[in-house]
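Worksheet: one structure, shown below.
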Amino acid sequence: QVQLVESGGGLVQPEESLTLSCAASGSILFVNTMEWHRQAPGKERDLVATITRTGTTVYADSVKARFTISRDNAKNTVYLLMNSLKPEDTAVYYCEADVVDTMTYRGKAYWGQGTQVTVSS
């Protein structure tokens, strides 16, 4: 059993910053790729940023140069530093992790419950 728990969402004003965290716990052998997705009201869930176990990162064009994804492999935790936030960044943010567990030794995708980020003046 593997759980992902997100934290750090909230209400901020435009141009402010916010950092999200997502910690994986449970029967984990190791965690491969970790990602952040977001879903705005009435829209599909979109990929925001990806980070591999070795630290390679990929960003959606809409967040490049503003958001930074990072991870701590010892803590099985991924972070998303969001700078210069805009109203269009308002969404529920979800983390996803590809986890190899100690029971099956196979990779499986797990999702967090989501955390609300609202950017408004």
request  = May I ask for the net charge around LEU85, where only other residues with Cβ less than 11 Å from the Cβ of LEU85 are counted and Lys, Arg are +1 while Asp, Glu are -1?
outcome  = -2
request  = Using θ = phi - 60° and the Karplus relation 6.51 cos²θ - 1.76 cosθ + 1.60, list the HN-Hα couplings for segment 96-103 in order, rounded to whole Hz, with x at every Gly or Pro.
outcome  = 9, 9, 8, 10, 9, 9, 7, 8
request  = Using Cα positions and a limit of under 22 Å, work out the lysines in reach of LYS86, with same-chain residues fewer than 8 apart set aside.
outcome  = LYS43, LYS64
request  = In whole angstrom, note down how far apart the Cα centers of segment 9-48 and segment 85-112 are.
outcome  = 7
key: Paramagnetic reach from ASP46 (point 7 Å along Cα→Cβ, amide N under 15 Å) across segment 1-39   = 36-39
ask   = Residues with amide H under 5 Å of GLY10's amide H, sequence separation 5 or more or different chain, H placed in the peptide plane at 1.01 Å from N; which?
value = VAL117, THR118
task = Might you work out the accessible area of GLU35 for me, using a 1.4 Å probe with all protein chains in place, and round it to the nearest 10 Å²?
result = 40
For segment 39-50, Karplus couplings with θ = phi - 60° (6.51, -1.76, 1.60), whole Hz, Gly/Pro x = 9, 8, x, x, 10, 6, 6, 10, 6, 9, 7, 10
key: Under the Karplus curve 6.51 cos²θ - 1.76 cosθ + 1.60, θ = phi - 60°, whole-Hz ³J(HN,Hα) for segment 108-119, x wherever Gly or Pro sits   = 8, 7, 10, 10, x, 7, x, 9, 7, 10, 10, 10
query = Hey, any idea what the orientation-averaged projected area of the convex hull of segment 55-97's Cα atoms comes to, in nm²?
reply = 3.5
note = Using alpha-carbon coordinates alone, the radius of gyration and Dmax of segment 1-60 in Å work out to 13.7, 40
query = If we count every other residue with Cβ under 13 angstrom of THR56's Cβ, Lys/Arg +1 and Asp/Glu -1, where does the sum land?
reply = +1
ask   = Binned at 10 Å from 0, what are the whole-percent values of the Cα-Cα distance distribution for segment 28-93, short to long?
value = 20, 51, 25, 4
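The values are calculated or read from the model by the stated rules, or taken from the named source; none is laboratory data. Bear in mind that the values here come from a model prediction, so they are computed numbers and not experimental data. Note: ideal-geometry Cβ built from the backbone for every residue, glycine included; neighbour counts use all protein chains shown. Only protein heavy atoms, including side chains, enter the accessible area calculation; ligands, DNA and RNA are left aside. Shrake-Rupley method; radii C 1.70, N 1.55, O 1.52, S 1.80 Å.
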